[in-house]
1. Scanning for something out of contact with any strand residue (DSSP E or B) (no Cβ under 9 Å at 6 or more places or on another chain), on the phi < 0 side of the Ramachandran plot and not hydrophobic (A, V, I, L, M, F, W, C), does region 400-410 turn up at least one residue?
2. Output the residues belonging to region 341-353 that are buried (at least 22 other Cβ atoms within 10 Å of the Cβ) and part of a loop (DSSP other than H, G, I, E, B).
3. Go through (1) in a loop (DSSP other than H, G, I, E, B); (2) open to solvent by 40 Å² or more (accessible area, probe 1.4 Å) one by one and return the number of the condition residue 196 breaks.
4. If I go through region 157-192 residue by residue, how many of them are more than 20 Å from residue 116 (Cβ to Cβ), β-branched (Val, Ile, Thr) and buried (at least 20 other Cβ atoms within 10 Å of the Cβ)?
5. Consider residue 81 against the criteria (1) of a type in the set (Gly, Ala, Ser); (2) part of a helix (DSSP H, G or I); (3) open to solvent by 10 Å² or more (accessible area, probe 1.4 Å): it satisfies all of them except one. Which criterion is unmet?
6. Going residue by residue through region 112-122, is there one that turns out to be open to solvent by 10 Å² or more (accessible area, probe 1.4 Å), in a helix (DSSP H, G or I), more than 26 Å from residue 200 (Cβ to Cβ) and touching a residue at least 40 places away in the same chain (Cβ under 8 Å)?
7. Does region 132-143 include one or more residues that are closer than 19 Å to residue 56 by Cβ, surrounded by 13 or more Cβ atoms within 10 Å (Cβ to Cβ) and not β-branched (Val, Ile, Thr)?
Amino acid sequence: MEPDTEPRGTVTQREQSMVLNDVNMLYHIYATVPPIAQTLMMELQRKNHVEYLLRGLQQLGPSFCSLDANRPWICYWILHSMALLGEFVDADLEDRTIEFLSRCQMPHLATTYAAVNALISLGGEKSLPSINRSKVYTFLKCMKDPSGAFRMHDAGEIDVRACYTAISVASILNILDDELLQNVGNYILSCQTYEGGIAGEPGSEAHGGYTFCGLAAMILINEADRLDLAALIGWVVFRQGVEGGFQGRTNKLVDGCYSFWQGGVFALLRRFHSIIGESPTPVDQRGAECSIDNTQTTTASDVSEGDGSSDEISSQGSLNGSSRLAEREPLFHSIALQRYLLLCSQDPRGGLRDKLRKPRDYYHTCYCLSGLSICQHSWLKDEDSSPLPRAVLGPYSNVLEPVHPVFNIVLDRYHEAHEFFSRS
């Protein structure tokens, strides 16, 4: 018997081939169904998402273990997702959530970040005063390492994620001082790799999550100009794959959560473009492929009222129209990313997921919705403006609340917290 000489490829290559086949098949189905069916396929299933999220939040109670480090994260993922959808929890769930988080006394930076963001996402006169800023500040000082970086917990790991969570919490609670700031920028700078992205620690591989954390932290401490921003932008741009979604690392699979971790980098650069002297040069979306097989894209301008003429987004997701709008094009292909999120990441029953064949979960629901919001609002220079209909894929009812990209908190909740902690 002759040996099998057929090249098999690596595990990642085989998985990538399967992902491409799955996505291509779904995009082909979308392209061949009638327009009314396309509109339904592109619709954000708000009601189902809210029901899915509420079921998770209703698990909170005396029997819900508060010693698991994932629990504050689950609260944040659910509450932030609800806020993105424009939904509020009732008074009973609000009280139960605040009471539950008060029992999560775990000295860990990641869960501290999650708990603070959860309470800010909840908002209101009960939630914000429940945060003990004095104790948080004492804990942050204990986690400060002589190198300038932070540890995640006592004797725990030192990495860029710890730096971001510490600086983010200190900034939004208005307790950031010179002692916490000292040499943080030096550590993050040492983690930028030859590729341009940022690794978790010096000498490691560039990663989407750490790149977001590193850039966001450097913006908060006003040292972003120390990074090689041109190389960073170049690395992130090439993480958007042919499926339309982002990968977290070079030669890895697409994952819906990176719609925020990578897409959020562009939102940071867009909002804080003054750190590099001028607005970054946008990607010409007219030349970018929106799908693997160049199938028709349905946008809000196709299904909502309007003339649907010269400013309509074409089958490649291009914007044919005024130069005024072209100046606002984001650095990534926002239409292609929205397509991936709505068709591939969205579970029609409620919740969102990594990719096709994967189960839904609260983590991916949170960061896929955050990424979708980033896409919808990425064309705007004014944060108080509503998204352009032509920049929203699917019906205009898909529009989510805008987020503050540094903290990943809905913008109006951020303003509420900023005002509260500035006067207290």
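1. Yes; the residues of region 400-410 include at least one that is out of contact with any strand residue (DSSP E or B) (no Cβ under 9 Å at 6 or more places or on another chain), on the phi < 0 side of the Ramachandran plot and not hydrophobic (A, V, I, L, M, F, W, C).
2. The one that is buried (at least 22 other Cβ atoms within 10 Å of the Cβ) and part of a loop (DSSP other than H, G, I, E, B): 351.
3. Tallying (1) in a loop (DSSP other than H, G, I, E, B); (2) open to solvent by 40 Å² or more (accessible area, probe 1.4 Å), residue 196 fails exactly one: (2).
4. Summing the residues that are more than 20 Å from residue 116 (Cβ to Cβ), β-branched (Val, Ile, Thr) and buried (at least 20 other Cβ atoms within 10 Å of the Cβ) in region 157-192 gives 1.
5. Against the list (1) of a type in the set (Gly, Ala, Ser); (2) part of a helix (DSSP H, G or I); (3) open to solvent by 10 Å² or more (accessible area, probe 1.4 Å), residue 81 comes up short only on (3).
6. Yes: one or more hits.
7. The first filter runs over region 132-143 and keeps only residues closer than 19 Å to residue 56 by Cβ, leaving none.
Within region 132-143, not a single residue is closer than 19 Å to residue 56 by Cβ, surrounded by 13 or more Cβ atoms within 10 Å (Cβ to Cβ) and not β-branched (Val, Ile, Thr).
Condition check ((1) modelled with pLDDT of 95 or more; (2) farther than 24 Å from residue 54 by Cα) across all residues:
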{"site": "348", "(1), (2)": "yes, no"}
{"site": "352", "(1), (2)": "yes, no"}
{"site": "362", "(1), (2)": "yes, no"}
{"site": "375", "(1), (2)": "yes, yes"}
{"site": "409", "(1), (2)": "yes, no"}
{"site": "412", "(1), (2)": "yes, no"}
{"site": "424", "(1), (2)": "no, yes"}
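The values are calculated or read from the model by the stated rules, or taken from the named source; none is laboratory data. Predicted model, so just to flag it, every value in this text is computed and none were measured. FYI the Cβ positions are ideal-geometry reconstructions off the backbone, even for glycines, and counts take in every protein chain you see. Accessible surface is based on the protein model in full, side chains and every heavy atom, while ligands, DNA and RNA are left aside. Shrake-Rupley method; radii C 1.70, N 1.55, O 1.52, S 1.80 Å.
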